[in-house]
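A short write-up of the structure that comes next.
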Amino acid sequence: MKAVLIFDTVNDLLFSKWDENFIQRMKSFNGQEKDVNITDSHHVSQLLSPIITSQRVMAAQFSNTYTSMQCKDKTTIVFDEWLDHVFMIISEDEVDEAHRELLDCKTLVQHICGQNINLLHSSIYQDWLSALLESRGKGDSIPGASGVIGESGATGAALNALKSISKEIKCSPHNHYHLVLFVGDKMLALYSSRGCEDLMPPDVILLSIQCIAAQEYWRELRELDNGAHCDNSHLPWLSEENSAIVNLCAGLTGAPCAPHSLHLVEIAPRIVFAVLIDMELRDIGIAVHLSSQILSNLRRILLQRNLELLPNTLDSLEVALKKTTDALKKNKAHSTLCSRVTSRMLELRKSCTTTTPLTPETTATAMRTALEAVIEQLKPDIPSLRLEPSLKELKNLLAPYMDFLRAKAMRYFNLGSYPLVGSGGSLAHKYVEEFPGLVHFVFADRTAARCLAPDMADCVDMLTADTVRSIVRTSSRVLREGYGAAAWRRGALHVCALRWFERRGAAARPAAPPHPAAVRALPPPADIRAAFYRQLVEIAFPNDSQGVSVKELICIHLGLVPASTAVQQARRLAHSVYELTGENSAFASDLL
């Protein structure tokens, strides 16, 4: 049973995605017969309204927020609130798993809607979000990570091909763009124009989810057409040119608030070419995101009548709005929009500090309306691209490698899911011989959102991909308890998991280990934006977190292997992994 629900400011159901079991459960609560239709959003809103209201009241008026509820029948309800909208997932999953999915849902909403959640009133955006939620767990990579196929010949050829066709792509007046080639959910090559902002690790994961959704739709079309391949088949949630405005991560918080134009083209089954054009609205997006967050906090403070926090919040809001208007002026926006935002801020400060006919709540609402007008500037028109000549040239340049890429696209947990140096293939073919009893391993750089895992095609009968994902989730749950290492048995398997810190390629040890209670209070690990790992580094290295990364290693052995042998092999495996990834392996023996 699972339901993903988003409620607007007046508790109306804005978005819903549920299965039949959820509907049957709702019918039983409502005392209705099975043949009575309860799928209407108004009925579901009425049934869940007391829970939503309780969550809002406790958070807004008593500052007593809670993020989950667990029922006796093992039903789990998790909450999150953003810009006065409540996100909810009802399922029978564990709390951490449901909470992680909820965080990813919020990130996907920000990715496709920006800060205008009301776009979900459109059926097109609802279908788009639904497709992305379904594709979130269909990739080959482990949760919270993505990868790069490291075959040196194909990677170099793909990069040269992207560089060659970049001369033909015209996106004037926008001069900054990224050209990306995906195989499955893994990025094969990335070419960025000069002066372009780098893609952040969550951006690659978000793009891979977009590609998986497109690949799944095209695969269904091929099945309906008996395997026929249709060039540039229209994706129903995108424009006729398979284009849309998406938001990539920007700013210190890494929130998706930088509008880009996304164009998707299928080169071959499970091989996708993506063009990302920077719409030059990053500064406005960052400033408006900060302003919206502070304004939402201000409205909560006004509800709580917590007047002690009011002056500092007003000052922070004024600074954020000043950045917003400066960014608007730099982008040559209408001066009336800037003056409107400034005047609303003056009215808000006056109503909060003196006696005026207007209440602070009324002026805060007017301020929100002014910000919504600014948010409209973050939904620009999609530039039209003529990709046919460039696409033809790209296919010709990649023709010698197409069979290899098709084979790679059909495998899962590929060895080269990490940017490798050299051939790097020896570990994939010989690690079973060099490490007797070792069935599988996963190495993850959580800061860069990259993973390294051998191809599982040869051991699929012994260890399925779902088992590996379950072991990775268990590892995350155990390490979240504050431990740096853990070992446990799973049936006939013996699992070892380890997490450590590095700073610019050298081992980094916190002055004091993070307190387990502080680690447990963090969001669940392995969401798209890696909030857990980012906050963990800040806790472990307060005021000194620059350049610190988080690494994880999970080794899966046969249960007959003694624990001491597993530890020794893990040390050797750490050396091999560091040699393969081209990193400093001088301290690898001290990791375990």
Open item on the list: Using a 7 Å offset from the Cα along the Cα-to-Cβ direction at both L346 and A521, what is the distance between the two label points in nm, to one decimal?
Closed with: 4.2
Open item on the list: Can you report the principal axis dimensions of the stretch 270-379 using only the alpha carbons, biggest first, rounded to whole angstrom?
Closed with: 60, 34, 19
- [ ] Within 10 Å, count the other beta carbons around each residue, average over each peptide in 367-375, 218-226, and list them highest first.
- [x] 367-375, 218-226
- [ ] Could you pull out the pairs from K167/K332; K17/K551; K106/K330; K186/K395 whose alpha carbons sit more than 25 Å apart here?
- [x] K167/K332; K17/K551; K106/K330
Open item on the list: Students often check this: by mean Cβ neighbours within 10 Å, which of 561-568, 210-217 ranks highest, and how do the rest follow?
Closed with: 210-217, 561-568
TODO: Treat the stretch 218-284 as a sphere of radius equal to its Kirkwood radius over Cα pairs and apply Stokes-Einstein at 10 °C in a medium of 1.306 mPa s; give the translational diffusion coefficient in µm²/s, rounded to a whole number.
DONE: 117
- [ ] Figure the gain on full extension for T65 and N11 (residue separation times 0.36 nm, minus the Cα-Cα span) and round it to one decimal in nm.
- [x] 17.7 nm
Task: the stretch 298-343 - Rg and Dmax from Cα coordinates, angstrom - done: 13.3, 39
Open item on the list: Pairwise over distinct Cα atoms, reciprocal of the mean inverse distance: report the Kirkwood radius of the stretch 60-214 in Å, one decimal place.
Closed with: 18.2
Open item on the list: Restricting the calculation to Cα positions, tell me the Rg (one decimal) and the Dmax (whole number) of the stretch 139-267 in Å.
Closed with: 15.3, 48
Task: Helix-only [θ]222 nm of the chain, DSSP H runs n ≥ 4, -39500 (n - 2.57) each, per residue, nearest 500 - done: -14500 deg cm²/dmol
TODO: Straight distance only, please: which aspartates and glutamates reach the Cα of K72 with their own Cα at less than 15 Å, same-chain residues fewer than 8 apart left out?
DONE: E92, D93, E94
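Excluding S384 itself, calculate the net charge of residues whose Cβ lies under 11 Å from the Cβ of S384, where each Lys or Arg counts +1 and each Asp or Glu counts -1.
Numbers: positive: K170, R386; negative: E240, E241, D381.
Counting the neighbours of S384, the net charge comes to -1.
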TODO: Could you tell me the largest-minus-smallest coordinate of the C-alpha atoms of the stretch 118-192 on each of the three principal axes, in descending order and whole angstroms?
DONE: 42, 37, 15
- [ ] Please sort by residue number the GluC sites (Glu not before Pro) in the stretch 54-140 whose DSSP state is loop and whose Cβ has at most 16 other Cβ atoms within 10 Å.
- [x] E92, E94
- [ ] Report, ordered by chain and residue number, the lysines lying within cross-link reach of K329, taken as a straight Cα distance under 29 Å and ignoring same-chain residues fewer than 8 apart.
- [x] K170, K350, K379
Task: Share of carbon and sulfur in the accessible heavy-atom surface of the chain [1.4 Å probe, %] - done: 52
Task: Approximate spin-label separation T356-L47, in nm, with each point projected 7 Å along Cα-to-Cβ - done: 4.6
TODO: Quick one: angle between helix 95-113 and the longest Cα principal axis of the chain, in degrees between 0 and 90, rounded to 10, please.
DONE: 70
Task: Label zone at S233 (point 7 Å along Cα-to-Cβ), backbone N below 20 Å, the stretch 272-299 - done: 272-275
- [ ] Roll a 1.4 Å probe over the protein chains and send me the accessible area per residue for the stretch 267-317 in Å².
- [x] 39
Open item on the list: Please list, in order, the residues from the stretch 268-284 whose amide nitrogen is less than 12 Å from a point placed 7 Å along the Cα→Cβ vector of S172.
Closed with: none
- [ ] Could you rank the peptides 297-306, 481-490, 344-353 by their average count of other C-beta atoms within 10 Å per residue, with the highest value first?
- [x] 344-353, 297-306, 481-490
Open item on the list: Please give the charge dipole size of the chain, origin at the Cα centre, charges +1 on K and R Cβ atoms and -1 on D and E Cβ atoms. Round to the nearest 20 debye.
Closed with: 1280
Task: Cα-only Debye scattering, the stretch 61-107: base-10 log of I(q)/I(0) at q = 0.33 Å⁻¹ - done: -1.23
Open item on the list: Principal axis extents for the chain, Cα atoms only, whole Å, descending order, please.
Closed with: 80, 60, 58
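The values are calculated or read from the model by the stated rules, or taken from the named source; none is laboratory data. Keep in mind that what you see is a predicted model, and the values were worked out from it rather than measured. Reconstructed Cβ throughout: ideal geometry from the backbone, glycine too, with neighbour counts over all protein chains shown. Only protein heavy atoms, including side chains, enter the accessible area calculation; ligands, DNA and RNA are left aside. Shrake-Rupley method; radii C 1.70, N 1.55, O 1.52, S 1.80 Å.
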